[in-house]
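Let me begin by presenting the structure, written as structure tokens, before commenting on it.
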Amino acid sequence: SQTIHQWPATLVQPVGSPLSLECTVEGTSNPNLYWYRQAAGRGLQLLFYSVGIGQISSEVPQNLSASRPQDRQFILSSKKLLLSDSGFYLCAWTERSPYNEQFFGPGTRLTVL
Amino acid sequence: RKEVEQDPGPFNVPEGATVAFNCTYSNSASQSFFWYRQDCRKEPKLLMSVYSSGNEDGRFTAQLNRASQYISLLIRDSKLSDSATYLCVVNGGRGSTLGRLYFGRGTQLTVWP
């Protein structure tokens with residue numbers, strides 16, 4: 001069966017510090033991968049998606065970036081965090097069909113102080 | 001106009017009650033429809049897919065009306081454990097980002113004893 005991992009589970013970082021969140025998927029090949037952010041009391045905002053190694057598309061302009069160095073690994077990064085980057089970061093995967101449901105990792109709760 | 005709109009609630013119902021959530025979507029080309037459940041401070045989890053003919057899973061019934069671009073979720077015999085936020089989710093349809101899903105902001109349900 002497929003599983004998706006994210007770490008760390010929680011993170012408290014000062015403004016201006018770098019960020020690296022990692023997501024890995026097991027039990028599948030060539031998944032589509034997604035990074036979402038959910039601010040407190042808000043809906044899910046799609047940040048990045050990837051259809052393959054090295055292929056990243058951004059949905060919104062921001063100071064975040066994403067990379068996919070391996071088929072089942074997706075990394076979210078920032079060089080300098082802003083207060084507005086606080087939120088719940090969720091990684092998700094889906095099979096290659098565009099009609100399938102997405103499955104989410106447990107998320108990383110980031111607080112920028 | 002938002003892609004997916006839901007009544008945010010909150011819905012507060014006693015155990016055993018029947019409750020219905022509604023959702024509208026704007027893209028007539030959407031092909032896939034889902035309901036997700038999100039517990040407080042947790043990741044969204046797939047509750048059920050929604051099929052054109054309507055479908056039932058135990059106490060949960062989902063309906064789709066393509067002509068009106070309307071999706072519903074009915075929960076019968078509510079349990080305390082049904083307390084959560086329910087997210088209406090729609091895919092982007094042909095020509096959209098591969099696998100792109102659009103999430104409503106969710107409807108909050110609290111079931112009280």
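The values are calculated or read from the model by the stated rules, or taken from the named source; none is laboratory data. Treat the numbers as computed from the prediction; the structure is a model and nothing was measured. Please note: Cβ atoms are built from the backbone with ideal geometry, for glycine as well, and neighbour counts cover all protein chains shown. Heads up: the accessible areas ignore ligands, DNA and RNA and are worked out on the full protein's heavy atoms, side chains in. Shrake-Rupley method; radii C 1.70, N 1.55, O 1.52, S 1.80 Å.
Computed values, structure above
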{"quantity": "Region B:68-82 versus region A:42-79: alpha-carbon centroid distance in Å", "calculated": "33 Å"}
{"quantity": "Equivalent ellipsoid semi-axes - Cα gyration tensor, region B:37-91, angstrom", "calculated": "21, 14, 9"}
{"quantity": "Cα-Cα separations in the protein assembly as shown greater than 32 Å, expressed as whole percent", "calculated": "20 percent"}
{"quantity": "Solvent-accessible surface ranking, highest first, for A:SER1, A:SER86 at 1.4 angstrom", "calculated": "A:SER1, A:SER86"}
{"quantity": "Listed residues A:SER67, A:PHE103, A:TYR34: farthest to the positive end of the dipole of the protein assembly as shown (Cβ charges)", "calculated": "A:SER67"}
{"quantity": "Residues listed by number, region A:22-62, amide nitrogen under 13 Å from A:SER84 label point at 7 Å toward C-beta", "calculated": "A:60-62"}
{"quantity": "From the C-alpha gyration tensor of chain B, square roots of 5λ in Å", "calculated": "24, 14, 12"}
{"quantity": "Computed FRET value (nearest 0.05) for B:LEU80 with A:SER20, which takes r as the C-beta separation and R₀ as 45 Å", "calculated": "0.70"}
{"quantity": "Equivalent ellipsoid semi-axes - Cα gyration tensor, region A:1-99, angstrom", "calculated": "23, 14, 13"}
{"quantity": "Inter-probe distance in nm under a simple model that places probes 7 Å from Cα toward Cβ, at B:ARG59 and A:THR10", "calculated": "3.1 nm"}
{"quantity": "FRET efficiency estimate (nearest 0.05) - Cβ-Cβ, B:SER28 to A:GLN70, R0 41 angstrom", "calculated": "0.60"}
